[in-house]
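Taking it in order: structure first as structure tokens, then the write-up.
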Amino acid sequence: MNIHTNEALGLDLKNRPDISYIANLIKPGERVLDLGCGYGELMLILKNKGVRVQGIEKDDKCIIQCVKKSLYVHHGDIDDGLKHHLDHSFDFVILNQTIQQTLNPGDIIKECLRIGKQVIIVFPNFSHWQIRTSILISGKTPVTDLMPFHWYDTPNLHYLSGKDFEDFCEFERIKILHRAFFNRTRQIKLFPNLFATLALFVIRA
């Protein structure tokens, strides 16, 4: 199956290298919880790969689209807690561009580490050179392709970089198993904290 284009599933993932990367990390038969699953693109790929995947989403429009794809989605807000899930009840818990929109990201990450054997976290890298330059020149909160919102209408509550997240993991003694960085079309390996627009970490307690 060509995960990058996935024409058979009606998905165009040319601008989502993070989804292809995640899909390759997870094996058929594994149990996955996708928190803030959006329209269910990743879930659909994983389901067709034979992964036992379910999601949690608070946006009604997203849930409707997931249901149309016959995906198993709960309506809920992860800021309300994940206590109803048992310890290590999933092989992977995924937070794909979700964590920066939560009220208490540190607490949510700890909960994810409790219920998942491994946790995959993807977030916009706020130290990308275009963001740094925009702030330096304009003196205003940047509006970019990755973060196309103004300060008054953005769903993002927290802005962090890859290095910020590594510092958090070191402080909380969380083990980083993998890290990968991306721009819109490919993986970035040279100076990723400067040139990557997305940062991906696989962690465990």
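The values are calculated or read from the model by the stated rules, or taken from the named source; none is laboratory data. This is a predicted model, so every value here is computed, not measured. Glycine also receives a Cβ, built like all others from the backbone with ideal geometry; neighbour counts cover every protein chain displayed. With ligands, DNA and RNA removed, areas are computed over all heavy atoms of the protein, side chains included. Shrake-Rupley method; radii C 1.70, N 1.55, O 1.52, S 1.80 Å.
Which of LEU177, LEU13, LEU95 moves the most in a Gaussian network model of the chain with Cα springs under 10 Å?
LEU177
At a 1.4 Å probe radius, which order do TRP151, TRP129 fall into by accessible area, largest first?
Numbers: TRP151 190, TRP129 110 Å².
The ordering from most to least exposed comes out as TRP151, TRP129.
If I take every Cα pair under 8 Å that is 6 or more residues apart in the chain, average their sequence separation and divide by the length, what percent do I get for the relative contact order? Don't skip to the answer; put the middle values down first.
Values: 372 pairs, mean separation 37.8, N = 205.
Answer for the chain is 18 percent.
Give, rounded to the nearest 20 debye, the magnitude of the charge dipole that the chain has about its Cα centre when Lys and Arg contribute +1 at Cβ and Asp and Glu contribute -1 at Cβ. Walk me through the intermediate numbers first.
Numbers: 25 positive and 23 negative charges, 133 e Å.
Magnitude of the dipole: close to 640 debye.
Pairs LYS47/LYS110; LYS14/LYS110; LYS14/LYS69: which are spaced more than 24 Å apart, C-alpha to C-alpha? Before the final figure, lay out the partial values.
Working: LYS47/LYS110 26 Å; LYS14/LYS110 32 Å; LYS14/LYS69 20 Å.
Long pairs (Cα-Cα over 24 Å): LYS47/LYS110; LYS14/LYS110.
Is the stretch 143-205 best put as rounded, prolate or oblate by its Cα gyration tensor, with a ≥ b ≥ c the root eigenvalues, rounded for a/c under 1.5, and otherwise prolate when a/b is larger than b/c, oblate when not? Each step should come with its number before you reach the end.
On the way: a/c = 2.54, a/b = 1.35, b/c = 1.88.
Oblate is the answer for the stretch 143-205, as a/c is 1.5 or above yet b/c matches or exceeds a/b.
Considering only Cα-Cα distances, which of the following residue pairs are longer than 32 Å: LYS27/LYS140; LYS83/LYS140; LYS27/LYS68; LYS140/LYS175? Before the final figure, lay out each step's value.
Working: LYS27/LYS140 44 Å; LYS83/LYS140 39 Å; LYS27/LYS68 24 Å; LYS140/LYS175 35 Å.
From LYS27/LYS140; LYS83/LYS140; LYS27/LYS68; LYS140/LYS175, over 32 Å: LYS27/LYS140; LYS83/LYS140; LYS140/LYS175.
Put +1 on the Cβ of every Lys and Arg and -1 on every Asp and Glu Cβ in the chain; which of LEU103, PRO124, PHE92 then has its Cα farthest towards the positive end of the dipole?
Comparing the listed Cα positions along the dipole, PHE92 ranks first.
Cβ under 12 Å from LYS163's Cβ, LYS163 left aside: what net charge do those residues give with Lys, Arg +1 and Asp, Glu -1? Present the calculation step by step, with values, prior to reporting the outcome.
Details: positive: ARG179; negative: ASP164, GLU166, ASP167, GLU170.
It works out to a net charge of -3.
Under a plain spin-label model, where a point goes 7 Å from the Cα along Cα-to-Cβ, how far apart in nm are ASP80 and ASP107?
Going by the 7 Å Cα→Cβ label model, 1.5 nm.
Might you report the magnitude of the Cβ-based charge dipole of the stretch 122-195 about its Cα centre, with Lys and Arg at +1 and Asp and Glu at -1, to the nearest 20 debye?
Details: 9 positive and 7 negative charges, 62 e Å.
Using only the charged Cβ atoms, the result is roughly 300 debye.
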